[in-house]
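Read through the structure below, which is laid out as structure tokens, and then see the notes.
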Amino acid sequence: MAKPNRKHRAAKLAARQGGAEFWAILNGGADRPPTAQEIGNALVEVALQTVRLGNSGAVFARTFGAQLAGEEQLAAEIARGAGLAGQRVIATVFENGWLPADVWEAARRRVDEFATGLLLDSMAAYVEPFARESVDETWLAQLEDIGARTWWSREEPHFEQWAARQMLTREEALTTVVEALALLVGLPKMERIRALPGKARPRTETPHHIDEKALSRVRGLLAKAESTSFPEEAEALSAKAQELMTKYALDRVLVEADAAAPDLPGARRIWLDTPYVDAKALLIDVVATANRCRAIFASDWGFVTIVGDDADLDAVELLSTSLLVQATRAMIASGNKESRSEEARSRAFRKAFLVSYATRIGERLAAATAATIAESAAPERLLPVLASHEIAVNAAFEALFPRSRSRGIAIRSAEGWDAGRAAADRARLDSRRPIDK
């Protein structure tokens, strides 16, 4: 067995030193055991130290968890302290602009299933005291989607019930608490795009989301496209979903012109899975532009924030999903063709393919939108509405991201670029109907 490297030895030493000073630091030298609040504060400090140690932080967390678990006489206070620490840190994370789905996306990328489950419970506990009508609808939808709910008894501390449910020892459970807290304290501050629980204002009118019947049809088509093993059938299903979404997004523009209170610009985050997240972000950007929205990519974490009206945000999310399905399938099929070179299966080819695909799709969407506006029954009424809408979206975007900047994407495969453009040309975007009132 290999000996631990220098960083791991340093982490263990730091944990031992921390354990030796732990109780003195907690109670300030007083001749009494630490309170739950003091233990919670100490757990947060341990999490911060775990972040500072970087790759060796896991060693620190495990060593410290073992030391704290050995304090049997403090089991009840430790359980309460773990809950207090979780609520303190999750509240700060939410105040810093993170939403429940964002925390879940970050967790599933960076910690294990036990820490992720603990974070889900922490989020459910945070929202529970607030009246439902004072919680933003996006918060409620996200909590439901990610499965965050209060399943435990309020009569006992959550920590012990959660550890028993996960069949974790006290040492394993405390190590998981530190790892979950370390993820949270390491999250950067983001733009707040939705009101915090307790501060959401009730809507006086129903928001102009996409009709549920249309959403259901698009989602059904995408689900079938992702499950079929026949590329031709999947492409047809994805193209049909894209066609329906494009039609709906454009049809509603004139309806907005007569709305007494049109939707104010909002924002939404779309998280992307590796690889080629920058190329995938470009595809979302061109779809956002075609649907009267603005987009910005956070490369460190792999998500895109979109600013626009709620119905347009729905359109971008669904259409982007459809096009990503098409693009990924076309990219894989292109690389598998016998006539292709070995390069066609390389990362450089696939990234160039996706960037080219996104660029060409953007051109086609812009042309389709312009043609649909020109063919509408009242383009002279439509253009002022679009201009006013663009001003409002730009103002909201600049307020959220006053220091945004553009950057390019390096392309290292001409073959991939040509193949991606050809695939984008084959994508079905031309089945549309005029906008009529």
Please verify whether segment 249-257 includes one or more residues that are in a loop (DSSP other than H, G, I, E, B), under 24 Å from V385 (Cβ atoms), at pLDDT below 75 and aliphatic (A, V, I, L, M).
no
Just for segment 173-187: of the residues that are within 21 Å of E160 (Cβ to Cβ) and of a type in the set (V, I, T), which one is surrounded by the most Cβ atoms within 10 Å (Cβ to Cβ)?
V177
Selection from segment 41-58 of residues that are within 20 Å of R88 (Cα to Cα) and not aliphatic (A, V, I, L, M)
N41, E45, Q49, T50, R52
What are the residue pairs meeting all of these: first residue in segment 106-121, first residue surrounded by fewer than 22 Cβ atoms within 10 Å (Cβ to Cβ) and charged (D, E, K, R), second residue part of a helix (DSSP H, G or I) and at pLDDT 95 or above, Cβ atoms under 8 Å, and 6 or more apart or on different chains?
R108/T116; R110/L183; D112/T176; D112/E179
Being in a helix (DSSP H, G or I), in contact (Cβ under 8 Å) with a residue 40 or more places away in the chain and assigned by TED's automatic domain parsing to the domain that holds E45 is the requirement here; does G97 meet it?
no
Looking at segment 348-364, I want the residues that are more than 17 Å from D273 (Cβ to Cβ) and have a partner that is of a type in the set (K, R) with Cβ atoms under 7 Å, at least 6 apart or on another chain. Which pairs are those?
A348/R412; A352/R412; S356/R421; R360/R421
Residue ID - modelled with the lowest pLDDT, chosen from residues in segment 208-223 that are not in a loop (DSSP other than H, G, I, E, B) and not aliphatic (A, V, I, L, M)
E212
Restricting attention to segment 67-80, report how many residues are closer than 17 Å to L168 by Cβ and touching a Ser or Thr at 6+ places or on another chain (Cβ under 8 Å).
1
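Restricting attention to segment 153-183, report how many residues are of a type in the set (S, T, N, Q) and under 28 Å from the mean Cα position of the chain (by Cα).
Of the residues in segment 153-183, the ones of a type in the set (S, T, N, Q) are 153, 161, 166, 169, 175-176.
Next, from what is left, pick out any that are under 28 Å from the mean Cα position of the chain (by Cα): 166, 175-176.
Count: 3.
Any residue in segment 145-155 that is at pLDDT below 95 and either among the charged types (D, E, K, R) or on the phi < 0 side of the Ramachandran plot (or both)?
yes
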Spot the failing condition for A76; the list is (1) assigned to a helix (DSSP H, G or I); (2) crowded, with 20+ Cβ neighbours inside 10 Å, and only one is missed.
(2)
Counting only residues that are in a loop (DSSP other than H, G, I, E, B), surrounded by fewer than 24 Cβ atoms within 10 Å (Cβ to Cβ) and of a type outside the set (A, V, I, L, M, F, W, C), segment 293-327 contains a total of 3
Go through segment 132-151 and report how many residues are surrounded by fewer than 18 Cβ atoms within 10 Å (Cβ to Cβ) and among the aromatic types (F, W, Y).
1
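Yes/no per residue for (1) in contact (Cβ under 8 Å) with a residue 40 or more places away in the chain; (2) more than 19 Å from W271 (Cβ to Cβ):
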position	(1), (2)
Q73	yes, yes
V103	yes, no
L143	yes, no
E155	no, yes
T169	yes, yes
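Filtering segment 35-62 down to residues that are in a helix (DSSP H, G or I) and more than 32 Å from the chain's Cα centre (by Cα), which residue is modelled with the highest pLDDT?
Top of the filtered list is A36.
The values are calculated or read from the model by the stated rules, or taken from the named source; none is laboratory data. Please read all numbers here as calculations on a predicted model, not as lab measurements. Using ideal geometry, Cβ is built from the backbone for each residue, glycine included, and neighbour counts are taken over all protein chains shown.
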